[in-house]
Amino acid sequence: NMNQHMSALTSLHPTEYLEFRDVLGNGSGMQSKQFKLFEIKLGLKKSWLENSKVIKLVLNKDNFWNKFRNAIETMLRTSQESLEKIEDEVLKDLEVNRHEKSKRWFETLFNPKQYQKLIDNGDRKFSLEAIKGALAIYYYRHEIRFQIPFMIIESLQELDERILCYRGQLNCISYDILTILEKSRVFVDLINIASFLIEDSRMPKLSGDIAELLRFTPLP
């Protein structure tokens, strides 16, 4: 599979790769048409997160997004209350800054216009609906119908990391190049999704009728 191919490529030291790089010509790697088409194809596959019947069922019928937002707001409110009890001013300032940064980060999910601005600026690639789907898969990954989608996400994360590593080996890494490579990642939103996760215990369970529908019965 592609993860194994990328693993083999990343095992090469840059100097070893240079031994036969000229032989490849325009098919040398990240500059090649084939590699670009490969990345484009990967990017197109994210639409399944928006169109899956299972994900739509959880988002629309089980009201997942409101549940998630309420859980986030409760977490932030609890965090705020804890900050008020810190007596050390230096530590308190550090924690307040961290709390405000976390709050702003989560707000990007709940403000569609702000989220779209991030897409327009190239800071996000997935649509908000796709991110909602990915988060639903993460939180309900133990449900039978979500186990395979979760494994797919993990494989895409691994593949994205390997592609970044491979592309980095083809360049003399500097801060500027690393920034460019980060911007061009296909599944950077899946890599960064961990920053939107909270404890499983904070998330309500699926409602009984939805859980029953997810047990491989025909979906409506």
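Does region 66-126 classify as rounded, prolate or oblate by the C-alpha gyration tensor (a ≥ b ≥ c root eigenvalues; a/c under 1.5 gives rounded; else a/b over b/c gives prolate, otherwise oblate)? List each step's numbers first, then the result.
Working: a/c = 4.61, a/b = 1.82, b/c = 2.53.
Because a/c hits 1.5 or more and a/b fails to exceed b/c, region 66-126 counts as oblate.
With a point put 7 Å past each Cα toward its Cβ, work out how far ASN70 is from GLU154 in nm, to one decimal.
For ASN70 paired with GLU154, the spin-label model returns 3.0 nm.
Give, in nm to one decimal, the length gained when the segment between LYS205 and ASP120 is fully stretched (0.36 nm per residue of separation minus the Cα-Cα distance). It would help to have the intermediate numbers written out before the result.
Working: separation 85, 0.36 × 85 = 30.60 nm, distance 3.46 nm.
Net length gain for the segment: 27.1 nm.
Once you put a point 7 Å from the Cα of ARG215 and another 7 Å from the Cα of THR78, both along the Cβ direction, what distance in nm separates them?
A separation of 3.0 nm, rounded to one decimal place.
With each label point set 7 Å from Cα along the Cα-Cβ vector, what nm distance links LYS61 and PHE110?
2.7 nm
Answer rounded, prolate or oblate for region 121-164, using the Cα gyration tensor with square roots of eigenvalues a ≥ b ≥ c: rounded when a/c is under 1.5, else prolate when a/b is larger than b/c, else oblate.
Numbers: a/c = 3.62, a/b = 1.32, b/c = 2.75.
Cα axes put region 121-164 in the oblate bin.
Only Lys, Arg, Asp and Glu count, each charged at its Cβ (+1, +1, -1, -1), so figure out the dipole size of region 65-119 about its Cα centre, rounded to 20 debye. Intermediate values should be presented prior to the final figure.
Values: 11 positive and 10 negative charges, 116 e Å.
My answer is approximately 560 debye.
Throughout, read-outs are computed from the coordinates displayed, never taken from laboratory work. Quick caveat: nothing in here was measured; it's all calculated off a predicted structure. In this analysis, Cβ positions are derived from the backbone assuming ideal geometry, glycine residues included, and neighbour counts consider all displayed protein chains.
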